[in-house]
Amino acid sequence: MACFRRFRLARGRLHRVVLAGIVSLTMVSCSSSRPSPYSADTGVDDVPPEITDGRGRFREIFCAVLDHRAATLPEHRDCENALTRAGPEPDGTGRPVDLGRSDRGLVAAIVPGVGWDCIFRWLDPEETSVEHVRQFGFDAVVLDVDSLSSCSANARQIRDAIMASPARQIEPHLVLIGYSKGAPDILEAVVTYPEIRDRVAAVVGVAGAVGGSPTADEVTQTKLELLRRWPGAQCSTDDSGAMESLRPAIRDAWLADHTLPPGLSYYSLATCPEPDRISAVLKPTYKKLSRFDPRNDGMVLFDDQIIPGSTFIGCVNADHWAVSVPIARTHRQIGATLVTKNDYPREALLEALLRFVEEDLAHPPVQMPDP
């Protein structure tokens, strides 16, 4: 991705415009009730039988990456602070963690969430995560989708991007990583377009809005369109259906009517922040969603982040934006006043995620024959 110049606006105007955009993402009525306190008792008490619990091994890998990269990567945290222990968690395997060069050369193809192309130029993100994983034989790209469009429109764009890329004459190599709305975009793509499946090794939801979000029932597309006011925004749109796609009733109906294709590996990485890790701007929606479930990240409920039949690999101690969008790194004043808990070791997280997936793909579970 090319580097874009910083957009220089007067400080007062910048704050007004940015605040309008941020409010468009969090425009729900504030609840006066206090959220239930977070604790292990409100965590993941029982993983459903159709979900594989991979948290023990992922914790081992992420902890090893964090320990070894502490001096070289930004926003370091110790492992206990980086991952939330949400309810009973399986023990690790005790196996060593290979931090050398990847054997398979997986490519993370990241599908971002709502509003990404509206804020990207203003955000001016450094490619630190991409540069970091490339040192170890992995790669990462961001797939361009219309950030204000429906899941079905974006699924077609994901298909087109994959089919336009060179095919490898070896085993599948793409790890489709869907952040927020990017997760249901990807699920619709792999269901609707079977021609992409032989290039896809795995599908990962990160804070994925798999089941939508209750906030989508109160945020209209018109409010979302305020993102067009963002400094330097060049929002693309196909059908202006983003918010409709995220309504829980729409997502539940889609999941009920569609079966995810076998032969692909699915993983879910959830955001389960402790209350003191919620940014100021997300606290109103965090409190609002806590009336449904205290296990939320300020935008999405925990249960709605889990892909059916997936391997649940971890609970990240970060809110919905901190896990993926490095706002505070390039806009310190916004980080100091609005997005106040935006720090997270995202580079280490991406490396750990790719290492976990590569290892898991190399040792698939034994399939028991049908009785």
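The values are calculated or read from the model by the stated rules, or taken from the named source; none is laboratory data. What you are looking at is a predicted structure, and each value in this text was computed from that prediction instead of being measured. Counting neighbours? That spans all protein chains shown, and the Cβs are built from the backbone with ideal geometry, glycine included.
Some observations on this one:
- In this structure, GLY241 qualifies as out of contact with any helix residue (DSSP H, G or I) (no Cβ under 6 Å at 6 or more places or on another chain), more than 26 Å from LEU83 (Cβ to Cβ) and surrounded by fewer than 20 Cβ atoms within 10 Å (Cβ to Cβ).
- Test result for ASP276, over 27 Å from VAL357 (Cβ atoms) and either charged (D, E, K, R) or buried (at least 21 other Cβ atoms within 10 Å of the Cβ) (or both): yes
- Any hit, region 360-368, residues being under 29 Å from HIS258 (Cβ atoms) and modelled with pLDDT of 95 or more: yes
- Residue within region 259-270 that is within 19 Å of ALA109 (Cα to Cα), surrounded by fewer than 24 Cβ atoms within 10 Å (Cβ to Cβ) and modelled with pLDDT under 95 present: yes
- Conditions (1) in contact (Cβ under 8 Å) with a residue 40 or more places away in the chain; (2) of a type outside the set (Ser, Thr, Tyr); (3) out of contact with any Phe, Trp or Tyr (no Cβ under 8 Å at 6 or more places or on another chain): number failed by ASP139: (1)
- Checked against the criterion of being under 14 Å from the mean Cα position of the chain (by Cα) and part of a strand (DSSP E or B), region 285-307 contains one or more residues that satisfy it.
- Selected residue [touching a Leu at 6+ places or on another chain (Cβ under 7 Å), more than 30 Å from PRO172 (Cβ to Cβ) and not aliphatic (A, V, I, L, M)] from PRO248, PRO214: PRO214
- Just one residue in the set ARG104, ARG95 is in contact (Cβ under 8 Å) with a residue 60 or more places away in the chain, more than 30 Å from GLN333 (Cβ to Cβ) and in a loop (DSSP other than H, G, I, E, B); that residue is ARG104.
- Residue tally, condition outside any helix (DSSP H, G or I) and in contact with a strand residue (DSSP E or B) (Cβ under 8 Å, 6 or more places away or on another chain), over region 108-163: 13
- Of all residues in region 214-234, none are outside any helix (DSSP H, G or I), buried (at least 24 other Cβ atoms within 10 Å of the Cβ), out of contact with any Cys (no Cβ under 6 Å at 6 or more places or on another chain) and in contact (Cβ under 8 Å) with a residue 40 or more places away in the chain.
- Given (1) more than 30 Å from ALA161 (Cβ to Cβ); (2) part of a helix (DSSP H, G or I); (3) at pLDDT 90 or above, index of the condition ASP41 fails: (3)
- Consider region 291-302 and keep the residues that are at pLDDT 95 or above and not aromatic (Phe, Trp, Tyr). The one that is surrounded by the fewest Cβ atoms within 10 Å (Cβ to Cβ) is LEU301.
- Taking first residues from region 289-314 that are under 21 Å from ILE250 (Cβ atoms) and partners that are among the basic types (Lys, Arg) and in a loop (DSSP other than H, G, I, E, B), the Cβ contacts under 7 Å between residues at least 6 apart in sequence or on separate chains come to LEU301/ARG295; PHE302/ARG295.
- Residue check, ASP124 free of Cβ contacts under 8 Å to residues at least 12 places away in the same chain and either under 25 Å from ARG228 (Cα atoms) or among the acidic types (Asp, Glu) (or both): no
- Evaluating LEU176 against the criteria (1) modelled with pLDDT under 95; (2) closer than 22 Å to ASP103 by Cα leaves one unmet condition, (1).
- Among all positions in region 325-339, there is at least one residue which is at pLDDT below 95, within 18 Å of VAL204 (Cβ to Cβ) and not in a helix (DSSP H, G or I).
- Of all residues in region 81-92, those satisfying the criterion of being outside any loop (DSSP other than H, G, I, E, B) and either buried (at least 20 other Cβ atoms within 10 Å of the Cβ) or at pLDDT below 95 (or both) are ALA82, LEU83.
- Applying the condition of being among the β-branched types (Val, Ile, Thr), part of a helix (DSSP H, G or I) and touching a residue at least 60 places away in the same chain (Cβ under 8 Å) to region 164-210 and asking which residue is surrounded by the most Cβ atoms within 10 Å (Cβ to Cβ) yields ILE186.
- In region 315-335, the residues that are without any contact (Cβ under 8 Å) to a residue 24 or more places away in the chain and among the aliphatic types (A, V, I, L, M): ALA328
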